[in-house]
Every structure is written in structure tokens, then in C-alpha cells.
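Worksheet: one structure, shown below.
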Amino acid sequence: MPSFEIVTHVMAPPERIFDISLDVDVHTASMAGSSEKAVGGVLAGNLKLGDTVTWQARHFGIRWRMTSTISAYDRPGYFVDEQVSGPFKRWYHAHYFRSYGHDGTVMSDVVEFAAPLGPLGRIAEMLALRHYMPKLILIRNQHIKQVAEANLTAD
């Protein structure tokens, strides 16, 4: 099963990054390139343990829907979102937040995923998804970093 980890350094405290990472509106803004939006479940504001949200987006020219739930939550250390229904055979995304230095946070995203359709899915993983999925998380994390660092002095 493919997996990857993305590490991002943010100059803001873990509590701030944790909360921003669970904000539906911030997520939607970070994924504007794929026209991602919440269409079911929690539609705005911050997600919490047990919440579900259905996302609709366009990837590879195809409209997709994925419903995920927040299956683990320990503020400000980590949370997990997992697919309940959608395009993947498996989607597991753990978000970790660890304080470092003066008001800095190491944000680590650990993602495990599997495409459906057996051998055809494994081919899709090798040819596209192993490269595409980390790029999406990088884009998301850069947006979270910008939001957190830009607004830090406004609090």
C-alpha cells in the first residue's frame, strides 16, 4: 500500500496550526485548484472528533466525492481523517503537530492510500497517484503555513 510523509515547518504554535488544519474553509481555499468544496456533513468551521464531511473536487478531469471522518483527535498533538466512502479503497491521513524552537511547529502528514480495482488500481497508483497525492498535501500545507504565519500578529 502506498504511503508518504510530508514535513512542514511553521512559525506558529501547535494549537494554532492544529485548529487551522481542521478548518473547512481553509481546506477549501487550499484546494481551489481542484475546485474542492464541502457538499455534505460539516460545511464550514472547525471539524472535531466524529465529524464527517463530504468533499467534491475535480482531479484528472473527473469529478470525485469523498466522505471522511475525524477518527482520532488529541489537541494539539494530532488528528486523523479517514475515508468513509469515496474513490479510494483506503485513505488514512494522520496529522501530527510538534512544538520546536520559539513558537515554531513541525507539522507532519502521514498518508496511506490504496486505489480500488485490484491490478488496475495498482497501475494507477504507480503511474499517477504516488506523485499526485504528495503534491496535493504540499499545496495544502503551504496554504496552512501562509494562513498561520500571516495572521499570527493579528491575534
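Set Lys and Arg Cβ to +1 and Asp and Glu Cβ to -1, take the dipole of the chain about its Cα centre, and tell me which of VAL42, ILE70, GLY118 lies farthest positive.
Comparing the listed Cα positions along the dipole, GLY118 ranks first.
Please sort by residue number the chymotrypsin sites (Phe, Trp or Tyr not before Pro) in region 1-77 whose DSSP state is loop and whose Cβ has at most 15 other Cβ atoms within 10 Å.
PHE60
For region 2-106, with every protein chain kept in place, what is the accessible area per residue (1.4 Å probe, Å²)?
Accessible area per residue, region 2-106: 49 Å².
For VAL84, VAL147, give the ranking by accessible area with the largest first, probe 1.4 Å.
VAL84, VAL147
Ignoring ligands, DNA and RNA, what percent of the 1.4 Å accessible area of the chain is carbon and sulfur?
So the carbon and sulfur contribution to the accessible surface is 57 percent.
Quote the relative contact order of region 18-155 in percent (integer), defining contacts as alpha-carbon pairs under 8 Å separated by 6+ residues.
Across region 18-155, relative contact order equals 17 percent.
Angle check, please: helix 130-150 long axis (alpha carbons) against the longest principal axis of the chain (alpha carbons), in degrees 0 to 90, nearest 10.
Taking Cα atoms only, the helix is inclined about 20 degrees.
So what is the 222 nm mean residue ellipticity for the chain from helices alone, if each DSSP H run of at least 4 adds -39500 (n - 2.57) and you divide by all residues, rounding to the nearest 500 deg cm²/dmol?
-8500 deg cm²/dmol
Let me know the Rg and Dmax you get for region 39-155 when you use only its Cα atoms, in Å.
Calculated on Cα positions, Rg and Dmax stand at 15.8, 51 Å.
Can you sort ASP25, ASP109, ASP19 by solvent-accessible area, 1.4 Å probe, largest first?
My answer, sorted largest first, is ASP25, ASP19, ASP109.
The values are calculated or read from the model by the stated rules, or taken from the named source; none is laboratory data. Small disclaimer: the values here were computed from a predicted structure and weren't measured. Counting neighbours? That spans all protein chains shown, and the Cβs are built from the backbone with ideal geometry, glycine included. Accessible surface areas use protein heavy atoms only, side chains included; no ligands, DNA or RNA. Shrake-Rupley method; radii C 1.70, N 1.55, O 1.52, S 1.80 Å.
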